[in-house]
Amino acid sequence: MLFSKLQVAGQVVLVPLDQIKPSPWQARRRFDQKELQALAVSIRENGLLQPVTLLRAGRDRYLLVAGERRVRAAKMIGMEKIPAILVDYEDGQAATLALEENLRRQQLGPFEEAEALRQLLALWGCTQSEGAKRMGLSQSALANKLRLLNLSGEVRTAAEEAGLTERHVRALLRLEKETDQLGLISEIAAGSLTVSQTERRVEQLLRGAKQRPARKGMVRDVRIFVNTVNRAVSLMKSAGIPASVEQRQSGDVLEYLVRIPTNKATLH
């Protein structure tokens, strides 16, 4: 295994995993178990190719600045210690390093990336224009990413569970009502809609909103149950069960048809 010896002179040391506290600046909220397992296998077979970065947080206590996936994978294969580079930063510097590491090295979800970018702008104390230059982005690209944070927490959660891409989510922003956004997320998940199909569906919804008279929105309690159904179908699909859902609305009645295969041959 690489870094098998204590290398204090080079500031690379072996640190017990149970002395490492999670990073408070971690942008990623969801960790794919299959990816972690693959990383764990790679570490077991090839060793850890890059040490994690830690900040001292007291006697025998360290704060993780960069490398949470590596720490989690190391724990999965029973490692007791992990190679680490010790740094001496102020909290603001450590936070900046952690967020930049997340953005550079990890495939973050659209909301995780947007939140990391927002935090960086706050830490730097700069405008979007200045921040975009430092990040190597155009100002419009940065603004579009940050706009995703205008969506409600309920819509964000539903979009994450459905595995929507950034372009899918940006299409949602054109819809003003949360109920319409949640309904479209269900359609995208149930029909595996592409970005182009999603954008066309948004156009249809916008045209329909202009043509039909205004009516009362869905009662919140009903909306919660509808979202529960949609998330249950999404969970089944993520578990390999090809479930599907069709949604129709007639007047004030919302009809749902959920199909769940029960035949083993269909499931596999």
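Of the strands (runs of 3 or more DSSP E) lying entirely inside segment 52-97, those containing at least 1 residues that are at pLDDT 90 or above span 81-87. Is it the case that some residue within segment 182-191 is over 22 Å from Thr228 (Cα atoms), small (Gly, Ala, Ser) and at pLDDT 90 or above? Looking for residues that are over 22 Å from Thr228 (Cα atoms), small (Gly, Ala, Ser) and at pLDDT 90 or above, one finds none in segment 182-191, hence no.
For the condition crowded, with 20+ Cβ neighbours inside 10 Å, over 30 Å from Gln204 (Cβ atoms) and not polar (S, T, N, Q), what is the one hit in Glu115, Glu130?
Values: Glu130 fails: crowded, with 20+ Cβ neighbours inside 10 Å.
Glu115 is the lone residue from the list that is crowded, with 20+ Cβ neighbours inside 10 Å, over 30 Å from Gln204 (Cβ atoms) and not polar (S, T, N, Q).
Check whether at least one residue in segment 28-51 is touching a strand residue (DSSP E or B) at 6+ places or on another chain (Cβ under 9 Å), surrounded by 13 or more Cβ atoms within 10 Å (Cβ to Cβ) and in a strand (DSSP E or B), and report yes or no. No. You will find that of Arg156, Arg147, Arg174, the residue that is open to solvent by 20 Å² or more (accessible area, probe 1.4 Å), among the basic types (Lys, Arg), modelled with pLDDT of 90 or more and within 23 Å of Met236 (Cα to Cα) is Arg156 and no other.
Can you tell me which residue in segment 127-144 is farthest from Leu175 (Cα to Cα), limited to those that are in a loop (DSSP other than H, G, I, E, B) and modelled with pLDDT under 85? Among those that are in a loop (DSSP other than H, G, I, E, B) and modelled with pLDDT under 85, it is Gly136.
Among Pro110, Pro16, Pro22, which is touching a strand residue (DSSP E or B) at 6+ places or on another chain (Cβ under 7 Å) and modelled with pLDDT of 85 or more? Explain how you work it out, then say what you get.
Numbers: Pro110 fails: touching a strand residue (DSSP E or B) at 6+ places or on another chain (Cβ under 7 Å); Pro22 fails: modelled with pLDDT of 85 or more.
Of the residues listed, the single one that is touching a strand residue (DSSP E or B) at 6+ places or on another chain (Cβ under 7 Å) and modelled with pLDDT of 85 or more is Pro16.
Restricting the first member to segment 30-52 and to residues that are within 22 Å of Glu115 (Cβ to Cβ), and the second to residues that are among the aromatic types (Phe, Trp, Tyr) and outside any helix (DSSP H, G or I), no beta-carbon pair is closer than 8 Å while six or more apart or on different chains. Out of curiosity, is Ala143 of a type in the set (A, V, I, L, M) and in contact (Cβ under 8 Å) with a residue 24 or more places away in the chain? No, not satisfied. For Thr165, state whether it is at pLDDT 85 or above, among the polar types (S, T, N, Q) and over 29 Å from Ala141 (Cβ atoms). So Thr165 does not fit the description; no.
The values are calculated or read from the model by the stated rules, or taken from the named source; none is laboratory data. Everything numeric here is computed off the predicted structure, so don't read it as measured data. Neighbour counts are summed over all protein chains in view; Cβ atoms, including those assigned to glycine, are modelled from backbone coordinates with ideal geometry. Accessible surface is based on the protein model in full, side chains and every heavy atom, while ligands, DNA and RNA are left aside. Shrake-Rupley method; radii C 1.70, N 1.55, O 1.52, S 1.80 Å.
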